[in-house]
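The values are calculated or read from the model by the stated rules, or taken from the named source; none is laboratory data. This one's a predicted model, so the numbers in the text were calculated from it and none came from an experiment. Cβ sites come from the backbone with ideal geometry, for glycine too, and all protein chains shown count toward neighbours. Each accessible area value is taken on the protein alone, full model and side chains, heavy atoms only, with ligands, DNA and RNA left out. Shrake-Rupley method; radii C 1.70, N 1.55, O 1.52, S 1.80 Å.
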Amino acid sequence: MQFLVLIYEDKSLLEALPEGEYDSMMRGCIAHADELRESGHLLASQKLQPPATAKTIRVRNGRNNVIDGPFAETKEVLGGFNLIEAESWDEAMRIAHSFPWSRTGSIEVRPVDDFEAVRRAVGA
(Lines give C-alpha, C1' and ligand atoms only; values in the text may rest on other atoms or scores of the structure.)
Protein backbone atom coordinates (compact mmCIF):
# COMPACT_ATOMS: atom_id res chain seq x y z
CA MET A 1 0.00 0.00 0.00
CA GLN A 2 1.16 3.54 -0.65
CA PHE A 3 0.54 6.46 1.69
CA LEU A 4 1.11 10.17 1.20
CA VAL A 5 2.75 11.78 4.22
CA LEU A 6 2.05 15.53 4.10
CA ILE A 7 4.28 17.83 6.14
CA TYR A 8 2.60 20.98 7.50
CA GLU A 9 4.67 23.76 9.06
CA ASP A 10 3.83 26.55 11.49
CA LYS A 11 6.15 29.40 10.49
CA SER A 12 6.11 30.97 13.96
CA LEU A 13 7.32 27.71 15.56
CA LEU A 14 10.02 27.29 12.92
CA GLU A 15 11.22 30.86 13.52
CA ALA A 16 11.30 30.21 17.29
CA LEU A 17 13.75 27.30 16.96
CA PRO A 18 17.18 27.94 18.51
CA GLU A 19 19.96 29.00 16.13
CA GLY A 20 21.05 26.05 13.97
CA GLU A 21 18.20 23.75 15.06
CA TYR A 22 16.37 23.96 11.71
CA ASP A 23 19.55 23.01 9.84
CA SER A 24 20.12 20.15 12.26
CA MET A 25 16.53 18.91 11.85
CA MET A 26 16.81 19.15 8.06
CA ARG A 27 20.12 17.23 7.98
CA GLY A 28 18.56 14.52 10.14
CA CYS A 29 15.48 14.44 7.94
CA ILE A 30 17.58 14.09 4.78
CA ALA A 31 19.64 11.29 6.32
CA HIS A 32 16.45 9.58 7.48
CA ALA A 33 14.92 9.95 3.99
CA ASP A 34 18.03 8.34 2.52
CA GLU A 35 17.61 5.39 4.91
CA LEU A 36 13.90 5.05 4.07
CA ARG A 37 14.68 5.20 0.34
CA GLU A 38 17.34 2.49 0.71
CA SER A 39 14.91 0.27 2.65
CA GLY A 40 12.28 0.69 -0.09
CA HIS A 41 9.84 2.64 2.09
CA LEU A 42 10.34 6.11 0.59
CA LEU A 43 9.27 6.42 -3.03
CA ALA A 44 9.47 10.20 -3.45
CA SER A 45 9.87 13.30 -1.33
CA GLN A 46 10.18 17.01 -1.92
CA LYS A 47 10.34 20.21 0.05
CA LEU A 48 8.00 22.92 -1.19
CA GLN A 49 8.80 26.60 -1.56
CA PRO A 50 7.03 29.08 0.80
CA PRO A 51 3.27 29.65 0.36
CA ALA A 52 3.88 33.14 -1.04
CA THR A 53 5.27 31.47 -4.18
CA ALA A 54 2.06 29.48 -4.70
CA LYS A 55 -0.90 30.14 -6.92
CA THR A 56 -4.35 28.67 -6.53
CA ILE A 57 -6.38 27.88 -9.62
CA ARG A 58 -10.16 27.61 -9.66
CA VAL A 59 -12.67 27.24 -12.45
CA ARG A 60 -16.23 28.29 -11.60
CA ASN A 61 -19.00 28.60 -14.14
CA GLY A 62 -16.50 28.31 -16.98
CA ARG A 63 -14.39 31.17 -15.61
CA ASN A 64 -10.74 30.67 -14.67
CA ASN A 65 -9.44 32.32 -11.50
CA VAL A 66 -5.81 32.38 -10.43
CA ILE A 67 -5.13 33.62 -6.91
CA ASP A 68 -1.66 34.34 -5.56
CA GLY A 69 -0.74 32.25 -2.54
CA PRO A 70 -2.53 29.41 -0.81
CA PHE A 71 -6.31 29.34 -0.71
CA ALA A 72 -6.90 28.89 3.01
CA GLU A 73 -5.66 31.29 5.64
CA THR A 74 -3.99 29.11 8.21
CA LYS A 75 -0.92 29.04 10.42
CA GLU A 76 0.13 25.66 9.12
CA VAL A 77 0.94 25.41 5.44
CA LEU A 78 1.98 22.45 3.34
CA GLY A 79 5.76 22.40 3.38
CA GLY A 80 6.53 19.12 1.66
CA PHE A 81 5.55 15.53 1.15
CA ASN A 82 6.92 12.02 1.19
CA LEU A 83 5.45 9.19 -0.83
CA ILE A 84 6.16 6.04 1.16
CA GLU A 85 5.55 2.32 0.75
CA ALA A 86 4.22 0.55 3.84
CA GLU A 87 2.58 -2.81 4.53
CA SER A 88 -0.14 -1.31 6.76
CA TRP A 89 -1.50 1.82 8.40
CA ASP A 90 0.51 0.94 11.51
CA GLU A 91 3.76 0.86 9.57
CA ALA A 92 2.85 4.08 7.71
CA MET A 93 2.15 5.80 11.04
CA ARG A 94 5.41 4.52 12.52
CA ILE A 95 7.32 5.94 9.57
CA ALA A 96 5.41 9.25 9.73
CA HIS A 97 6.14 9.55 13.46
CA SER A 98 9.85 9.28 12.70
CA PHE A 99 9.84 12.68 10.95
CA PRO A 100 10.58 15.61 13.29
CA TRP A 101 8.17 18.09 11.72
CA SER A 102 5.23 17.33 14.00
CA ARG A 103 7.06 19.60 16.47
CA THR A 104 6.68 22.65 14.28
CA GLY A 105 3.47 21.78 12.45
CA SER A 106 1.61 18.59 11.73
CA ILE A 107 1.94 15.52 9.56
CA GLU A 108 -0.98 14.12 7.60
CA VAL A 109 -0.91 10.52 6.45
CA ARG A 110 -3.28 9.63 3.66
CA PRO A 111 -3.54 6.49 1.52
CA VAL A 112 -2.87 6.97 -2.18
CA ASP A 113 -5.36 5.69 -4.73
CA ASP A 114 -4.14 3.31 -7.38
CA PHE A 115 -4.29 5.80 -10.24
CA GLU A 116 -4.05 3.12 -12.91
CA ALA A 117 -7.10 1.41 -11.38
CA VAL A 118 -8.92 4.77 -11.41
CA ARG A 119 -7.87 5.25 -15.04
CA ARG A 120 -9.25 1.82 -15.94
CA ALA A 121 -12.44 2.40 -13.93
CA VAL A 122 -13.23 5.63 -15.75
CA GLY A 123 -12.14 4.35 -19.15
CA ALA A 124 -9.34 6.86 -19.62
So how many residues does segment 91-120 have that are surrounded by fewer than 10 Cβ atoms within 10 Å (Cβ to Cβ) and aliphatic (A, V, I, L, M)? 1
What pairs can you find where one residue is in segment 15-38 and open to solvent by less than 90 Å² (accessible area, probe 1.4 Å), the other is not in a loop (DSSP other than H, G, I, E, B), and their Cβ atoms are less than 6 Å apart, with a gap of 6+ or different chains? M25/P100; A33/L42; A33/S45; L36/L42
